[in-house]
Structure formats: C-alpha cells, structure tokens
1. Residue 107 versus (1) surrounded by 15 or more Cβ atoms within 10 Å (Cβ to Cβ); (2) under 21 Å from residue 32 (Cβ atoms); (3) modelled with pLDDT under 95; (4) more than 13 Å from the chain's Cα centre (by Cα): which is the lone unmet condition?
2. Is it true that residue 123 is touching a helix residue (DSSP H, G or I) at 6+ places or on another chain (Cβ under 9 Å), free of Cβ contacts under 8 Å to residues at least 60 places away in the same chain, surrounded by 21 or more Cβ atoms within 10 Å (Cβ to Cβ) and within 20 Å of residue 47 (Cβ to Cβ)?
3. Could you grab me the full set of residues in region 43-61 that are in contact with a helix residue (DSSP H, G or I) (Cβ under 6 Å, 6 or more places away or on another chain) and more than 21 Å from residue 120 (Cα to Cα)?
4. When residue 7 is evaluated against the numbered criteria (1) modelled with pLDDT under 55; (2) in contact with a helix residue (DSSP H, G or I) (Cβ under 9 Å, 6 or more places away or on another chain), which criterion, by number, is the only one it fails?
5. Just one of 88, 84, 69 is more than 17 Å from residue 176 (Cα to Cα), surrounded by 15 or more Cβ atoms within 10 Å (Cβ to Cβ) and at pLDDT 95 or above; which is it?
6. What number of residues in region 43-67 are touching a residue at least 40 places away in the same chain (Cβ under 8 Å) and assigned to a helix (DSSP H, G or I)?
C-alpha cells in the first residue's frame, strides 16, 4: 500500500513539476470554473500545509505514521500551490491575498470556511493545542475531511472546467488524495 501511494504521489509530482514555472499560455482558454478551482484550491492547500507543519513540530509528539503523511502532503501541495498560482497569473486573474500566509491558520479569515473541507479557526486552535495520540486522532480526522473537500472541488473542476492543465491537476489531486484518505482511514481504524 505505501509503495503504491508513493508511486502515485511521485507520478503526480513529476507531472506537476513539468508544468511549474510556465504560466498557461495555451489558446484553449479557461473559464470561470477554472478560476474558481485555482482561487479556492490555493487557500485550501495552504491550510493542509499548515496542518502538516503542526504535525511536523516535535512538540506535538505525532506518531511516525502521521509525520510521514504530513511530510508527503506538504511536499505534494506546495508545488501544486505554485502551479495554481501560475495558472492564475497566466490567465490574468487574481491570486488569493492569503497566498503564502500560514501563521494565522490559513490567512483567510472566515471566508475560506465555506469551501468544502476547510477547518474553522476553532478546529485549528484545538489541533494546535493537542499533542500525542489526541493530536494524531484529530489530525487524521481533520485531514480526511480536508482531503474529501479537495476531492470534491477537483471533481467540480473536471466536470465544469475548460483548461486541460487545470483538469489534469484536478485528476492528480483526486488520485493522490483519495489514496491518502484510504491510508488515513486505515490508521483511524
């Protein structure tokens, strides 16, 4: 299971890295669904990176399984944030103002909580205030919910979006995060 998940994450990362640094200049066009996907997935991913950073803080006492997952999630989602930013810049669209801000639980105030899977400020505070087995359980439960929200957003992009690169990223998100959801649910057992 772990090797299969690692292979999926590595394949998705390779595809994403191939597109990094070059804004979308194709003339296939994009639509409002593409813009919404990119503008919402950036803060969504930023919150997952913040949750991963909490798990990687030795003060939390997270288990090896959780720190391994957090390391992989962080490594996968940071390049995706950059790719999404490149899409928006290439399309001449606004990049969310919270981009790059993690210190205040996502840097997005209350606006992001309407997105599927986003944790509230209270949930993030509760996670930050926990440690050990309690932290592990909360982190896994919250990250499952968070990933399920990202999968939902990615499915909407595939159904409604126009840009082939954004749709390819959405497919990679679905593949990687569905595998991680399965692993996390197994750990919650």
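The values are calculated or read from the model by the stated rules, or taken from the named source; none is laboratory data. Just so it is clear, the structure is predicted and the values come from calculations on it, not from any experiment. Note that we place each Cβ from the backbone using ideal geometry, even for glycine, and neighbour counts take in every protein chain shown.
1. (2)
2. no
3. 61
4. Of (1) modelled with pLDDT under 55; (2) in contact with a helix residue (DSSP H, G or I) (Cβ under 9 Å, 6 or more places away or on another chain), only one is false for residue 7: (2).
5. Values: 84 fails: more than 17 Å from residue 176 (Cα to Cα); 69 fails: more than 17 Å from residue 176 (Cα to Cα).
Every option except 88 fails the conditions.
6. Initial filter on region 43-67 (touching a residue at least 40 places away in the same chain (Cβ under 8 Å)): 43-51, 53-55, 59-63, 65-66.
From what's left, assigned to a helix (DSSP H, G or I): 43-51, 53-55, 59-60, 65-66.
Final tally of qualifying residues: 16.
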